[in-house]
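*Asks:* Before we start, here is the structure in question, set down as structure tokens.
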Amino acid sequence: MAQRTLACTGCHGPQGKSGPDGYYPRLAGKPAGYLYNQLRNFQDGRRHYALMEGLLAPLSDAYLKEIASYFAALEIPYPPAAAQSAPPTVLARGEILVRKGDAALQIPACVQCHGSAVTGVQPSTPGLLGLPRDYLNAQLGGWQTGQRKAHAPDCMATIARRLSDADVHAVTSWLANQKVPMPASPAAHKPPALAGSEPLECGSAP
């Protein structure tokens, strides 16, 4: 599979550890269900990037599952987080949104779905640490504008549209500033729901 996935690692970095420009995300160690869902989303038009769509169009469902399982099994150290220049007040707001959410704005905590360590949850929810801020901004923007979608109910689209530009900046700045724990394996189960948090029913994971 290392040879067969060279078309992937040409952009996503050796062994899928992430591309050099901050745009192509890490594949290594992500939950297999999440990776498979995203491959299908590109095939089915819920995500849009011409290069990915062209590469994946002829591939069978079984092959997509092989690709997802291969990258999910790779355990590769993360590089150090790039220091963010955001003010401490912005980073503090980002941490609050990630860990506690904002009940008044009906924004659930990121940890509610992405795990208490924000390293993802099996089988289909990705980690948010170790991703460049530009990539995180682009994905939240995609959810807000409808360029990125999931099967209904599309909870990420709902949440993203409740975030102001300032809160998007705060969340992505805080996430991108965090050191990734090792091992960074996805959790087996989601943590218990926070008191007073909105129950979420989601389709395929973002």
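*Asks:* Considering each of TYR23, TYR34, TYR63 in turn, give the residue that is under 29 Å from ASN177 (Cβ atoms) and either of a type in the set (Val, Ile, Thr) or surrounded by fewer than 18 Cβ atoms within 10 Å (Cβ to Cβ) (or both). Spell out the reasoning first.
*Replies:* Values: TYR34 fails: either of a type in the set (Val, Ile, Thr) or surrounded by fewer than 18 Cβ atoms within 10 Å (Cβ to Cβ) (or both); TYR63 fails: under 29 Å from ASN177 (Cβ atoms).
From the options TYR23, TYR34, TYR63, the qualifying one is TYR23.
*Asks:* Report, ordered by the first and then the second residue, all pairs with beta carbons closer than 8 Å, sequence separation of six or more or different chains, a first member in segment 10-30 that is within 21 Å of SER185 (Cα to Cα), and a second member that is surrounded by fewer than 21 Cβ atoms within 10 Å (Cβ to Cβ) and among the polar types (S, T, N, Q).
*Replies:* Matching pairs, first to second residue: GLN15/THR9; GLY16/THR5; GLY16/THR9; ALA28/GLN15; GLY29/SER185.
*Asks:* While we're on this one: Specify the residue that is modelled with the lowest pLDDT; the eligible residues are those in segment 149-185 that are of a type in the set (S, T, N, Q) and either more than 25 Å from TYR49 (Cβ to Cβ) or touching a strand residue (DSSP E or B) at 6+ places or on another chain (Cβ under 8 Å) (or both). Let's see the steps before the verdict.
*Replies:* So the first thing to find is which residues in segment 149-185 are of a type in the set (S, T, N, Q), and the list is 158, 164, 172-173, 177-178, 185.
Restricting the remaining residues to those that are either more than 25 Å from TYR49 (Cβ to Cβ) or touching a strand residue (DSSP E or B) at 6+ places or on another chain (Cβ under 8 Å) (or both) gives 164, 177-178, 185.
Details: SER164: 98, ASN177: 92, GLN178: 93, SER185: 88.
Per the stated criteria, the residue is SER185.
*Asks:* Can you run down the residue pairs with Cβ atoms below 7 Å, 6 or more apart or on separate chains, where the first is in segment 137-149 and within 17 Å of GLY45 (Cα to Cα) and the partner is surrounded by fewer than 20 Cβ atoms within 10 Å (Cβ to Cβ) and among the basic types (Lys, Arg)?
*Replies:* Listed pairs, sorted by first residue: GLN144/ARG161; LYS149/ARG46.
*Asks:* Give GLN3, GLN38 a once-over and let me know the one that is assigned to a helix (DSSP H, G or I), over 17 Å from LEU129 (Cα atoms) and out of contact with any Cys (no Cβ under 7 Å at 6 or more places or on another chain).
*Replies:* Details: GLN3 fails: assigned to a helix (DSSP H, G or I).
The conditions single out GLN38.
*Asks:* So which helices (runs of 4 or more DSSP H) are wholly in segment 44-148 and hold at least 2 residues that are of a type in the set (Gly, Ala, Ser)?
*Replies:* Working: elements: 50-56, 61-72, 88-99, 111-114, 133-145.
Of the helices (runs of 4 or more DSSP H) lying wholly inside segment 44-148, those with at least 2 residues that are of a type in the set (Gly, Ala, Ser) span 50-56, 61-72, 88-99, 133-145.
*Asks:* Related question: Sort through ARG40, ARG99 and tell me the only one that's in the same structural domain as GLY146 (by TED's automatic domain parsing) and modelled with pLDDT of 95 or more. Break it down into steps so the answer makes sense when it comes.
*Replies:* On the way: ARG40 fails: in the same structural domain as GLY146 (by TED's automatic domain parsing).
After applying the criteria, what remains is ARG99.
The values are calculated or read from the model by the stated rules, or taken from the named source; none is laboratory data. The model shown is predicted, which means the values in this text are computed figures rather than measured ones. As a convention, Cβ positions derive from the backbone with ideal geometry for all residues, glycine included, and neighbour counts pool all protein chains shown.
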